[in-house]
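Notes follow once the structure below has been shown.
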Amino acid sequence: MTVFLYIAAVLLAAACGYLIGSINGAIITVRLFKGKDIRDYGSKNAGLTNTIRCFGKGCGIMTLVIDIGKGAAAIALTLLLSKQLGWAPLADGTGNDYRWLGFIAAAFAILGHMKPIYYHFSGGKGVLVGVSVFLVLNPLTFVVLMAIFGLLLWCSKYVSLSSMIATVCVIPTTFLFEVFLRGTTMGMACLYTAMVTVMAIMIIGSHHENIQRLRAGTERRIGGPKPKENENIRA
């Protein structure tokens, strides 16, 4: 019976993460305020950067709020339901016996953002969602990642490069914070780090076109010209 409860808990976490993660801030915002589909403009990517480039800062702020909010909401709901149901506790030394399910929900929230069930599996790249889940899982990690991203963006002016480097940094940051700041057991810290590594691979993998353009020197910098409506260049 215990095994089935653990399986049920994992499925619950996956469902919460994926279904909430599938809500796309860029698609909702642009449709609501502009009556258009963000996936028809600029890079065709339903994410924050393309929204700002094509429709301005107003739509960008709304997209930011929704995408950060949904990541945090997915984890919070998963942890709330897990505690209420009492399924699958897994002690990590900090008293957060259900936190491991939050990491599973986080991975599926990123998947939902990339391949949203509500929008024909065409979404964004998952950076904002990947960062936002740490608002619930470990707020200090969120602050550190945002600081790394901001510093890199200020220096390089490349959103994609800054996003990928910050994403890679989440792996050692998670391990170090869990072991030395939170007092998480070594085994659970390794488990959390492994889950975060999977998320990082998903996010970096979604940037394969950006990587190609960075190598070729054709990647757009922030503050570059606004794409034309019919532009088909992917960014």
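The values are calculated or read from the model by the stated rules, or taken from the named source; none is laboratory data. In this text, all values refer to a predicted model and were calculated from it rather than measured experimentally. Reconstructed Cβ throughout: ideal geometry from the backbone, glycine too, with neighbour counts over all protein chains shown. The area values use the complete protein model at the heavy-atom level, side chains included, leaving out ligands, DNA and RNA. Shrake-Rupley method; radii C 1.70, N 1.55, O 1.52, S 1.80 Å.
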Apportionment of accessible area to carbon and sulfur, region 6-147, percent (1.4 Å): 71 percent
Under the Debye formula (equal points on every Cα, no solvent term), log10 I(q)/I(0) of region 77-148 at q = 0.26 Å⁻¹: -1.11
Mean accessible surface per residue for region 53-184, computed with a 1.4 Å probe while every protein chain stays in place, in Å²: 42 Å²
Spin-label pair Q84/V198, simplified geometry with 7 Å Cα→Cβ offset, distance in nm: 2.5 nm
Distance-filtered residues of region 45-60 - backbone nitrogen under 15 Å, label point 7 angstrom along S122 Cα→Cβ: 45-47
Packing-based ranking, highest mean first, of 164-172, 150-158 given that Cβ atoms within 10 Å are counted: 164-172, 150-158
Inverse mean reciprocal Cα-Cα distance (Kirkwood Rh) of the chain, Å: 18.2 Å
Protein-only accessible surface order, largest first, of M114, M186 at 1.4 Å: M186, M114
Potential lengthening between K44 and A8 on full extension [0.36 nm per residue; Cα-Cα distance subtracted]: 9.3 nm
Separation in nanometres of the label points that stand 7 Å from Cα toward Cβ, at V65 and I171: 3.6 nm
Nitroxide proxy distance, nm - points 7 Å out along Cα→Cβ at A91 and K36: 5.7 nm
In Å², nearest 10: area of R39 left accessible to a 1.4 Å probe: 40 Å²
